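A.B. asks: If you scroll down you'll find the structure; I have some questions about it.
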Amino acid sequence: MLEFLQENIYKLMFTGSAAIVIGVIAQRVSSKKKNGEKEKGQEEPSLVISPSNSGNTETVISPVFNFTSQDPLIKPLSRMDNDGSGQSLERRKALTKIIFIDDDTKFRVVQILKKSGWINIKAIKDIKNIDDLVIRDADIVFVDIQGVGKALDCKDEGLGLALNLKQKYPSKKIVIYSAENTGDRFHEALRKADSFLPKNAEPLEFQSLVEQYSKEIYPND
């Protein structure tokens, strides 16, 4: 009888001690995992082993999730720098190539557009070759009526040059402008050109046209 009691006492003591030891080890392992995962912003489910009333061990899984702003599942909304036309205005300013053909290369509108951010803009007195790279690369061409087109011996000077440019490059935006209030209002160039402005128009009118045409030339990709 005494031997039976001793044997069972040893079993109970071993079972309880083993369960306690296993529980402590498991908690330490779980704690290390938690500390390692905190840097990632998410913890693995913790595993706790504890002795039951019957002397056997039980496994209890307790999921704990800690989402932070660093978690890949939680992404902040990106701010779209877009004016609603596909390409942002700043991007279009960098892309759009503008040429002014004017015997007055110091025309004030050119400088105003440059200061407004339209960086690819040039003013030239005239062109000697309609296939010139400067013309082929241009998206928008402004043509003064007076004093240009002479190098190509264009009839009606700027009007003739503008007409030839539109016929050669129909996809380019051709804008005619003039300081004169008189002239041939029925000239074909005025019908073919994309727009016409008086030379003394407000600079913002020129800029408005440039913005409008740049949207058409560089729409949403």
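A.B. asks: Can you confirm whether Ala138 is within 18 Å of Ala201 (Cβ to Cβ), under 34 Å from the mean Cα position of the chain (by Cα) and either surrounded by 15 or more Cβ atoms within 10 Å (Cβ to Cβ) or of a type outside the set (A, V, I, L, M, F, W, C) (or both)? Spell out how you get there, then give the answer.
C.D. replies: Details: within 18 Å of Ala201 (Cβ to Cβ): no; under 34 Å from the mean Cα position of the chain (by Cα): yes; either surrounded by 15 or more Cβ atoms within 10 Å (Cβ to Cβ) or of a type outside the set (A, V, I, L, M, F, W, C) (or both): yes.
No.
A.B. asks: Report the residue count in the stretch 156-186 for those that are among the charged types (D, E, K, R), surrounded by fewer than 17 Cβ atoms within 10 Å (Cβ to Cβ) and at pLDDT 95 or above.
C.D. replies: The qualifying residues number 1.
A.B. asks: Exactly one of these conditions fails for Thr96: (1) within 32 Å of the chain's Cα centre (by Cα); (2) surrounded by fewer than 17 Cβ atoms within 10 Å (Cβ to Cβ). Give me its number.
C.D. replies: Every listed condition holds for Thr96 apart from (2).
A.B. asks: Taking the condition of being in contact with a Phe, Trp or Tyr (Cβ under 8 Å, 6 or more places away or on another chain) and either farther than 24 Å from Glu216 by Cβ or of a type outside the set (Gly, Ala, Ser) (or both), how many residues in the stretch 175-203 meet it?
C.D. replies: 9
A.B. asks: Would you confirm, using the coordinates I've provided, whether Ala189 is buried (at least 20 other Cβ atoms within 10 Å of the Cβ), in contact (Cβ under 8 Å) with a residue 24 or more places away in the chain and closer than 29 Å to Leu89 by Cα? Working first, answer last.
C.D. replies: Details: buried (at least 20 other Cβ atoms within 10 Å of the Cβ): yes; in contact (Cβ under 8 Å) with a residue 24 or more places away in the chain: yes; closer than 29 Å to Leu89 by Cα: no.
Here the answer is no, as Ala189 does not meet what is asked.
A.B. asks: I need a count of the residues in the stretch 108-143 that are more than 14 Å from Val210 (Cβ to Cβ), touching a residue at least 40 places away in the same chain (Cβ under 8 Å) and out of contact with any strand residue (DSSP E or B) (no Cβ under 6 Å at 6 or more places or on another chain).
C.D. replies: 2
The values are calculated or read from the model by the stated rules, or taken from the named source; none is laboratory data. Nothing here was measured: the structure is a model prediction, and the numbers come from that model. FYI the Cβ positions are ideal-geometry reconstructions off the backbone, even for glycines, and counts take in every protein chain you see.
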